[in-house]
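Written below as structure tokens is the structure these notes are about.
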Ligand SMILES: Nc1ncnc2c1ncn2[C@@H]1O[C@H](COP(=O)(O)OP(=O)(O)OP(=O)(O)O)[C@@H](O)[C@H]1O
Ligand SMILES: [Mg+2]
């Protein structure tokens, strides 16, 4: 059955064939041995950080969803990737539903992309896009954005859940049937999740998120799901006037942003949902001039900070009760999980002692009222993220060492049982 005859692709998507499965028009069960994979060779975008997150490049027929905040650089990244992917024999197609071709051209000029290998198509009707791809299957296809494309035969408005579901299924079918790697740009909601039905994330092969901390020129690309690669990889980019540049040494970037010799700064590998992200915690301790000591926190719970101050005083022998305490999570991030306790407590101790903690160290763990350190989830992932970004040492709860030995992933591990032990260790008391 040819794709041109398809009227209800969402139903027929189950019967799609990869291009390598032979030219036979009859769909039949095939043994694993018989299935050829020659046509499935990865297409590298040539942007190393992007290829790494993809698991080594785009897979023919692969459907990739790229989400991220407005203005973060989704269109920029994908236009750059298309230019590198396209060849003279096989152009790439950039479908723009949000910007005019002139606006895309302006961006291309800024990115110094002037090649004739990238075709721009300003279209929002799914039928027209499918027809264009079928007429000349491109080397890679970008739909910017999936929310802007619609099927006029459906009653619902463009961007609605049913439109997104139906239109995405069509692109899934098209990608698999024609072997075209397809990248869909997806809007995110206010909470940062991909807008549209959750089923969209199940439908596609790969879900990538583009993130940044407020005001920073750096962007992090993460795989949230990847059928063709690990989701532990991250890609780090810098937004420049000429487009997104790769940051080849992310650890240097993170260390450069934080004052290495300043007391009161500790890095924690925090979990954002299922993803680890390195967060810098800063604390400032100052003797109270008059009145009640202040406990002011930005990005961290005030009550939790008050609790940590009491535990530091009672269990680790620090004189904090007569001091104003300020805690800030750098980059405007929120540190909500209990695993942040140890980093905050160590930042307070470091500020009080006016002594920085050693460069390249990070800390995580929950602090109990008895001053004990409690294990937290995803120890391995946190360590991996720290190692990936160039950290050398980690202070963690002894109980979190289950199945781990030091060094792990190149990171020296310092398991500790109590907060007092952790303070002694990092401040070399
Ligand atoms: N001349 C410039 N110099 C440096 N950075 C620029 C310049 N022009 C644009 N930018 C950056 O590019 C970003 C816009 O990139 P892009 O349009 O690719 O984002 P997007 O994620 O596709 O956004 P949207 O969700 O609105 O489609 C701007 O937020 C800005 O950071
Ligand atoms: Mg855009």
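The values are calculated or read from the model by the stated rules, or taken from the named source; none is laboratory data. Just so it is clear, the model here is predicted, and its values are computed rather than measured. No Cβ is skipped: glycine too gets one built from the backbone with ideal geometry, and neighbour counts run over all protein chains shown.
Which residues, taken from segment 152-168, are assigned to a helix (DSSP H, G or I) and closer than 17 Å to residue 131 by Cβ?
Once the filter is applied, which keeps residues that are assigned to a helix (DSSP H, G or I) and closer than 17 Å to residue 131 by Cβ, segment 152-168 yields 166, 167.
Can you tell me which condition residue 57 does not meet? The list is (1) in contact with a strand residue (DSSP E or B) (Cβ under 6 Å, 6 or more places away or on another chain); (2) touching a residue at least 24 places away in the same chain (Cβ under 8 Å); (3) more than 14 Å from ligand 2 (Cβ to nearest atom), and all the others hold.
Tallying (1) in contact with a strand residue (DSSP E or B) (Cβ under 6 Å, 6 or more places away or on another chain); (2) touching a residue at least 24 places away in the same chain (Cβ under 8 Å); (3) more than 14 Å from ligand 2 (Cβ to nearest atom), residue 57 fails exactly one: (2).
For segment 181-190, indicate whether the set of residues that are buried (at least 19 other Cβ atoms within 10 Å of the Cβ), in contact (Cβ under 8 Å) with a residue 40 or more places away in the chain and away from ligand 2 (no atom under 16 Å from the Cβ) is non-empty.
yes
Any idea which residue in segment 316-325 is modelled with the lowest pLDDT, counting only those that are in contact with a strand residue (DSSP E or B) (Cβ under 7 Å, 6 or more places away or on another chain) and surrounded by fewer than 19 Cβ atoms within 10 Å (Cβ to Cβ)?
Per the criteria, the residue is 322.
Which of (1) out of contact with any strand residue (DSSP E or B) (no Cβ under 6 Å at 6 or more places or on another chain); (2) farther than 22 Å from residue 269 by Cβ is the odd one out, the single condition residue 244 does not satisfy?
(1)
To keep it simple, each residue is scored yes or no on (1) assigned by TED's automatic domain parsing to the domain that holds residue 188; (2) modelled with pLDDT under 95; (3) within 22 Å of residue 194 (Cα to Cα).
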residue	(1), (2), (3)
47	yes, yes, no
67	yes, yes, yes
114	yes, yes, no
138	yes, no, no
141	yes, no, yes
155	yes, yes, no
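Go through segment 409-420 and report how many residues are within 14 Å of residue 364 (Cα to Cα) and in contact (Cβ under 8 Å) with a residue 40 or more places away in the chain.
The total comes to 4.
How many residues, within segment 85-128, are in contact (Cβ under 8 Å) with a residue 40 or more places away in the chain and either out of contact with any helix residue (DSSP H, G or I) (no Cβ under 6 Å at 6 or more places or on another chain) or within 16 Å of ligand 2 (Cβ to nearest atom) (or both)?
15
Among the residues of segment 339-382, which ones are at pLDDT 95 or above, within 13 Å of residue 268 (Cα to Cα) and surrounded by fewer than 19 Cβ atoms within 10 Å (Cβ to Cβ)?
Across segment 339-382, the qualifying residue is only 366.
Given segment 21-121, what helices (runs of 4 or more DSSP H) lie entirely inside it while holding 3 or more residues that are surrounded by fewer than 16 Cβ atoms within 10 Å (Cβ to Cβ)?
Ranges flagged: 101-110.
Does residue 120 meet the test of being in the same structural domain as residue 182 (by TED's automatic domain parsing) and more than 25 Å from the chain's Cα centre (by Cα)?
yes
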